[in-house]
Amino acid sequence: MEESRNVRKFKSDYNELDRFFTQEVNGQEGHFYDNMLKFLSLNPRYQHFKNDIDYINEVRKIVTHKENMEGVPVIPTDALCNKLEYTLKQIKNPPKWSSIAIPANQIYSCTEEDSISDVVKEMANNTYTHVPVVKDGLFEWLLSESVFVQWLSEIIEKEEIITEATSVSQLRKYVKNTNDAYEFLSRDTDIYTIKEKFENAIKEKRNGISKRLGVIFITNSGRGSEKILGLITAWDIGKIQNI
């Protein structure tokens with residue numbers, strides 16, 4: 001009996017995924033499932049694909065065992081074929097940071113000379129939680145809600161007055177008192193690496209190991225001395241579901 005289009009596509013994509021896993025675990029020949037587990041242990045950022053791959057592997061067993069028997073073989077549905085194709089594409093060529101990041105031309109930044117009143121208004125109107133403070137277009141430090149709250153509490157305690165002349169520079173000394181952290185990654189970074197960074201930071205924060213990761217900045221090679229290409233916050237991780 002001639003194979004249906006879905007059976008051919010399913011087997012072709014499955015075999016490609018099998019070859020990929022084999023290659024990624026140093027080319028060692030082995031069972032698909034064993035190589036898949038090794039790959040996921042080396043690349044835990046793809047762990048959320050495991051349940052789908054488990055199911056795909058079970059269907060493949062049925063398809064393979066039935067194809068030489070009389071009668072109609074088990075035929076993968078369009079939905080399952082699409083799921084396998086999507087999984088293969090996401091693992092082999094995961095989308096890069098740019099698919100979820102705020103691009104450079106849309107990032108709101110300020111300088112130390114800017115009026116804090118203007119910056120806070122912009123943060124409030126656009127629900128910005130983190131604003132990079134730059135000098136000559138390069139990152140200097142991170143103005144976050146936590147920094148602002150630390151500064152404001154002292155202003156209130158001292159009964160000082162905030163005017164249009166009050167500049168962002170006055171907030172810099174409060175950065176060391178906050179739990180905010182940020183990280184720089186290169187332009188080669190994929191979305192699952194970014195997702196893993198935020199998830200690991202949450203786990204470490206719960207265990208009291210590190211500060212809260214508020215922002216990931218993308219630069220050409222992941223150095224803070226380079227111009228910012230994109231900005232990602234934890235809120236942007238939700239965009240992955242729509243990719």
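Points to keep in mind about this one:
- Rounded to the nearest 20 debye, the dipole size of the chain about its Cα centre is 600 debye, using +1 on the Cβ of Lys and Arg and -1 on the Cβ of Asp and Glu.
- Computed over the stretch 26-168, relative contact order equals 17 percent, with contacts defined as Cα pairs under 8 Å that lie 6+ residues apart.
- Heavy atoms of residue 118 accessible to a 1.4 Å probe, total area in Å² rounded to 10: 80 Å²
- Listed residues 160, 85, 16, most fluctuating in the chain (Gaussian network, C-alpha, under 10 Å): 160
- Multiplying the residue separation of residue 47 and residue 33 by 0.36 nm and subtracting their alpha-carbon distance yields 3.7 nm.
- Cβ-Cβ FRET estimate between residue 55 and residue 141, R0 fixed at 35 Å, reported to 0.05: 0.15
- Relative contact order (percent, whole number), the chain, Cα cutoff 8 Å, 6+ residue spacing: 19 percent
- Within the shell defined by Cβ-Cβ distances under 14 Å, the residues around residue 222 carry a net charge of +1, with Lys and Arg each +1 and Asp and Glu each -1.
- When all protein chains stay in place and ligands, DNA and RNA are ignored, the 1.4 Å accessible-area order of 12, 41, largest first, is 41, 12.
- Residues of the stretch 119-139 falling in the label zone of residue 170, defined by backbone nitrogen less than 16 Å from a point 7 Å along Cα to beta-carbon, are 119-121.
- Amide N proximity, the stretch 150-191 versus residue 121 label position 7 Å along Cα-to-Cβ, cut-off under 12 Å: 164-165
- Rounded to 5, the percent of DSSP beta bridges in the chain classed as antiparallel: 65 percent
- Full extension of the chain between residue 6 and residue 113 gives 32.3 nm of extra length, using 0.36 nm per residue less the Cα-Cα distance.
- Simple spin-label estimate for residue 203 and residue 80 in nanometres, 7 Å along Cα-Cβ: 3.2 nm
The values are calculated or read from the model by the stated rules, or taken from the named source; none is laboratory data. It should be emphasised that the depicted structure is a prediction, and the values quoted were computed from it without experimental measurement. All Cβ positions, glycine included, derive from the backbone under ideal geometry; neighbour counts span all protein chains shown. Surface accessibility is based on the protein's heavy atoms, side chains included, excluding ligands, DNA and RNA. Shrake-Rupley method; radii C 1.70, N 1.55, O 1.52, S 1.80 Å.
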